[in-house]
1. Taking all pairs of different Cα atoms in the stretch 155-305, averaging 1/r and flipping that mean, what Kirkwood radius in angstroms comes out?
2. Between residue 77 and residues 5 or more places away or on another chain, which pairs have amide H atoms under 5 Å apart, with H built 1.01 Å from N, and which residues are they?
3. I want to check a number: in the chain, how many lysine pairs have alpha carbons closer than 23 Å, given a sequence separation of 8 or more or different chains?
4. Could you compute the FRET efficiency for residue 250 and residue 213, with r as their C-beta to C-beta distance and R0 at 25 Å, rounded to 0.05?
5. Helix 123-142 versus the longest principal axis of the chain: what is the Cα-based angle in degrees, 0 to 90, to the nearest 10?
6. Given (i) 0.96; (ii) 1.11; (iii) 0.98 as candidate values of Rg/Rh (Cα atoms, Kirkwood Rh), which corresponds to the one derived from the coordinates?
7. With the other protein chains left in place, how much accessible area per residue, in square angstrom, belongs to the chain at a 1.4 angstrom probe?
8. Take each of the peptides 300-308, 115-123, 286-294, average the number of other beta-carbon atoms within 10 Å over its residues, and list them starting from the highest.
Amino acid sequence: MGLGWAEKLPSGNWRGVYRDSAGKQRSAGTFPHKAKALRAAGAREEEVRRSMRRDPEAYKRPWGEWCEEWWSTRTVEESTLRNDAARRRNHLEPRWAEVALGAITRQDVKAWAAQLRRDGLGPESVKRCVHLLSASLVAAVDAELISANPAARLKLPGGPPAPERYLTREEYAAVRAQLATTDDQLVADLLVNTGLRWSELAGLHWSRVDLVRGVVRVVETYDETAKVMKAYPKGRRTREVPLTADLRERLGELERRQGLCGVEHASGRCAGALVITTEEGRPLRNSNWSYRVWVPAVEHAVVEVEGEEPAAVGHVRIHDLRHTYASWLLQRGIPLAEVGRLLGHVSSQTTQRYAHLAETPVDAVLSALAAPRLPHAEPATT
């Protein structure tokens, strides 16, 4: 194995090049000066040499063998581990189990991703599969089995965004009218007027409800698959969400259960009883409530407008109440950043999906474009 070298690019910059433990050419980065490119290439080559002195045959290990070792060291949520196990079994192992770590190329990964799409896998599912493979290869780099991750930062084609569903106030009123009990109406009203995810509502403890200030603090979430309470919402950021006057009054009229919630907590101590439960005091399950209550209500909901034919509301998921909450806030002039905070978004890019819902300030726009009145010109005379 020789020392690293530098290649001049059409842009005039220099790229440092070296060979990894499998003898493949790798880039050490692009630099404005040849000397810097050479130093970077030499440094990466030395790293490869050190790893090869430790175990020169490490890169020949099959991916499947390495994955088995790496899997037991992962520190992810149980639900994530379950989903990843299915991806590993169905999509990663059939392609990579017998392939040597050092033989996996960037082009191989791209071709595999393209094949997954041709096999009918959705673009987001393909990205998750590639991300899982990439995570295993990052760990292999850290373990000095290979010198670079060939799946790093791959740009994969996306699909069309899933259509968002936003209810008008008339549509929501029509669905709400089909909910048979006041308890079911309270569940729907809480979702559409707070933007809580279902897991956040199901995990809401009474100690997180401050009726004096009129806010709920979103801390715990209920994982109904694992049947455990997690100590933080999605994104691991707690937040406060204001309650409407109507919700404050109705929550104040509820009888507060005593004691603990009765659910195993993944970490930390139980904060007390839950706000929304079944008659037996158990957390309310999305799957059960959706099938038993929400879907029938939506199917029978009809919007009646004077002078027009009644119109069915159409397909609406429970999660669409969260989208509806965002749309109502934006249409009333709440800034996009504040909507993102109330929804608990970690990235502002997530909130951007709602940007088009903000009402265009027509009056302000026309006022800004209005030209000063010019004096009326008299017609020219000859």
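The values are calculated or read from the model by the stated rules, or taken from the named source; none is laboratory data. Remember, predicted model here, so these are calculated numbers, not experimental data. Here Cβ is always computed from backbone atoms with ideal geometry, including for glycine, and neighbour counts include all displayed protein chains. Ligands, DNA and RNA are stripped out before the accessible areas are found, and what is left, the full protein with its side chains, is counted by its heavy atoms. Shrake-Rupley method; radii C 1.70, N 1.55, O 1.52, S 1.80 Å.
1. Numbers: mean 1/r = 0.0596 Å⁻¹.
16.8 Å is the Kirkwood radius here.
2. Distant-sequence amide H within range of residue 77: zero hits.
3. Number of lysine pairs found: 13.
4. Working: r = 17 Å, r/R0 = 0.66.
Computed FRET efficiency for residue 250 and residue 213 comes out at 0.90.
5. So the helix axis and the longest Cα principal axis differ by about 40 degrees.
6. So the calculated entry is the one marked (ii).
7. About 58 Å² of surface per residue is accessible.
8. 286-294, 115-123, 300-308
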